[in-house]
Every structure is written in C-alpha cells, then in structure tokens.
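Inspection log for the structure reproduced underneath, given as structure tokens.
The values are calculated or read from the model by the stated rules, or taken from the named source; none is laboratory data. Computed from a prediction, not measured in an experiment: that's the story for all the values here. Because the Cβ atoms are built from the backbone with ideal geometry, glycine has one as well, and the counts that use them run over all protein chains shown. What goes into the accessible areas is simple: the full protein's heavy atoms, side chains included, and nothing from ligands, DNA or RNA. Shrake-Rupley method; radii C 1.70, N 1.55, O 1.52, S 1.80 Å.
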Amino acid sequence: MGCFGSKAKLSKEDIEFLQRKTRYDEETIKKWYKGFQQDCPNGKLTPAKFVDMYKMLFPSGDGEEFCDHAFRTFDTDKNGYIDFKEFLLAIDVTSAGTPQEKLKWAFRMYDVDGNGVIELNEMKKIVQAIYDMLGANSANRPADSAEARAKIIFERMDENHDGQLTEEEFLHGCMEDEELSKILSPLTSQ
C-alpha cells in the first residue's frame, strides 16, 4: 500500500553518502535499509503509507494534517515520495540530532510556503495539526486553543515585531523556552 520503485541493495556510494551525512555506521545503515525495504519493498514511501505509520505512533489523534507537513519536510527533492536517503536523513535529525538541528528541521516544517520565514497563519496551521495529532484527550495537549497558543508563541518569538519569524528568531525563541521547544517539535521529542 503506497510504495513504488525499488533497488535491491544500497550502492557503496549511497552508504558512503549516508555515513557522511548521518551519525550511523555502515552496519546500522544496512539494518535501517532492510527495515525500509520491508515496509516499502519498492523503495518509495508515499504520503498514504507515511500517514499509516504515524497512526501507529499517535493512535488517539488525527495525524493527517500534521503528516502532510512532516512529509513535505522529509521529501526534500519534492518528487512526491520519500526514498531511503531522505528517510534516513530525517530519522537521523529527528532522533539523534542536536537540539539546534531538530529545531532547524522544525522551522522548515513550519515554513509551509518555503519562503524562509514563518507567518502567523503558518504557525496556526501547524499548531492546529499538532493538537489534532495529539487528540482531544491527550495529557500532552495544552489546555488553550491551537489558535491562542500559536498567537502567544508567535508574539513571544517575533523579536522585531515585523509579523514574521526568521529562522534565527525561531531558534532563539525555542532555545530560551524548553516548554515551547517541546510543543513545537513533537516529532523530535518522541
């Protein structure tokens, strides 16, 4: 369901590339590849399959909207699917990356239109998607509305009050406020 195109084995070049770009050794890369091939035998993780995977992580919520944003961020070449390289690079950043690397990834997800800044409407979309994913009864879900939370977050981070957040403002705001960082990057705090 949802995976197309394949490669039976990783090339030496692919392994070397992934060793340079991730924190994984050759053996670990091969293990990840084997698992990826089991889930996506044709080598392509599609949006539908991606949503199915996230439903297992967040069974009580509606993760489709959030998954759309996360998928867009993982699909770095914008071809409509996630190949193994994109997958492993994303796993590396979200699971083993430094707090700053994780927040840079989160910034790209929040920058829905890809113009290099986050506007309030983009912040509202992502915060609402996070709330939906967590589900109404989640202990991790804040009590206020997504719109109210997004507005508070945005105002706190918009240091120069120009109505948009640069990556620098976003990183600084998150690094200064641990609770805020956790709310804004649910994928990276799993």
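Among the residues of the range 77-87, which ones are assigned to a loop (DSSP other than H, G, I, E, B) and either more than 22 Å from Met133 (Cβ to Cβ) or small (Gly, Ala, Ser) (or both)?
First pass over the range 77-87, keeping only residues assigned to a loop (DSSP other than H, G, I, E, B): 77-81, 83.
If the condition is that a residue be assigned to a loop (DSSP other than H, G, I, E, B) and either more than 22 Å from Met133 (Cβ to Cβ) or small (Gly, Ala, Ser) (or both), then Asp77, Lys78, Asn79, Gly80, Asp83 are the ones that fit.
No other residue among Leu88, Leu103 is touching a helix residue (DSSP H, G or I) at 6+ places or on another chain (Cβ under 8 Å), open to solvent by less than 10 Å² (accessible area, probe 1.4 Å) and farther than 26 Å from Glu169 by Cα apart from Leu88. Cβ-Cβ contacts under 9 Å between residues 6 or more apart (or on different chains), taken from a first residue in the range 95-118 that is outside any helix (DSSP H, G or I) to a second residue that is open to solvent by 10 Å² or more (accessible area, probe 1.4 Å) and aliphatic (A, V, I, L, M), are listed as Asp111/Val117; Ile118/Val112.
Can you tell me which residue in the range 106-134 is modelled with the highest pLDDT, limited to those that are under 14 Å from the mean Cα position of the chain (by Cα) and among the small types (Gly, Ala, Ser)?
Step one: of the range 106-134, the residues under 14 Å from the mean Cα position of the chain (by Cα) are 106-112, 126-127, 129-130, 133.
From what is left, the residues that are among the small types (Gly, Ala, Ser) are 106, 129.
Details: Ala106: 85, Ala129: 80.
Here the answer is Ala106.
Applying a threshold of 8 Å to beta carbon distances and a minimum spacing of six or more residues, or different chains, the list of pairs starting in the range 153-175 at a residue that is closer than 18 Å to Lys124 by Cβ and ending at one that is among the polar types (S, T, N, Q) and part of a helix (DSSP H, G or I) reads Cys174/Ser181.
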